[in-house]
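Beneath this line is the structure, given in structure tokens, with notes to follow.
The values are calculated or read from the model by the stated rules, or taken from the named source; none is laboratory data. All values reported here derive from a predicted model rather than from experimental measurement. Note that each Cβ is placed from the backbone with ideal geometry, even for glycine, and that neighbours are counted across all protein chains shown.
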Amino acid sequence: MIVFDLQCQNLGHRFEGWFASSEDFAAQQARGLVSCPQCGSGDVIKAPMAPAVPRKGNQRSDAPALPMAGGKLPPEAVQMLQKLAEVQSEALKQSRWVGDKFADVSRAIHYGDQDHEVVHGQATAQQAKELLEEGVPVMPLPFPVAPPEELN
């Protein structure tokens, strides 16, 4: 996992994003999956970050490290993220991938034009906002999901 400081070009909001790699960030951004959590703008860039430069071995402090010092999560956080990933994986087994038709399928189910089922797919920040404004119960998944045709 890599954590990037991100910035929305719309209003300058800064936030963190967690990705498997720099390439994963670029792929999600290209597919419109990266958006500002404050305003929903999809116009997001990597914000400048200060590099983490470790001290020399003879200059290390005996003070307790901050939870993210050195880029390592506390074991409790790692366990929590693993459990969350397991829960998402189990939920997706009982859900149908609808790809970029997510907004249309969710509306059809909500308004009774299609049989009720649990679905997952892709939506732009604007589509998700519109669905929520209409009262369609949707939520983002905590971890990215690859379309079935892109899985090994």
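Checking the conditions here, which among 145, 138, 105, 98 is among the aliphatic types (A, V, I, L, M) and part of a strand (DSSP E or B)? Exactly one of 145, 138, 105, 98 is among the aliphatic types (A, V, I, L, M) and part of a strand (DSSP E or B), namely 98.
Among the residues making up the stretch 1-49, those that are assigned to a loop (DSSP other than H, G, I, E, B) and among the hydrophobic types (A, V, I, L, M, F, W, C) are 1, 11, 20, 33, 34, 36, 39, 47, 49.
Annotation note: of 92, 141, the sole residue that is under 15 Å from the mean Cα position of the chain (by Cα), modelled with pLDDT under 90 and not assigned by TED's automatic domain parsing to the domain that holds residue 25 is 141. Can you find a residue in the stretch 47-61 that is within 30 Å of residue 11 (Cβ to Cβ), surrounded by 13 or more Cβ atoms within 10 Å (Cβ to Cβ) and either modelled with pLDDT under 85 or not assigned by TED's automatic domain parsing to the domain that holds residue 3 (or both)? Within the stretch 47-61, one or more residues are within 30 Å of residue 11 (Cβ to Cβ), surrounded by 13 or more Cβ atoms within 10 Å (Cβ to Cβ) and either modelled with pLDDT under 85 or not assigned by TED's automatic domain parsing to the domain that holds residue 3 (or both).
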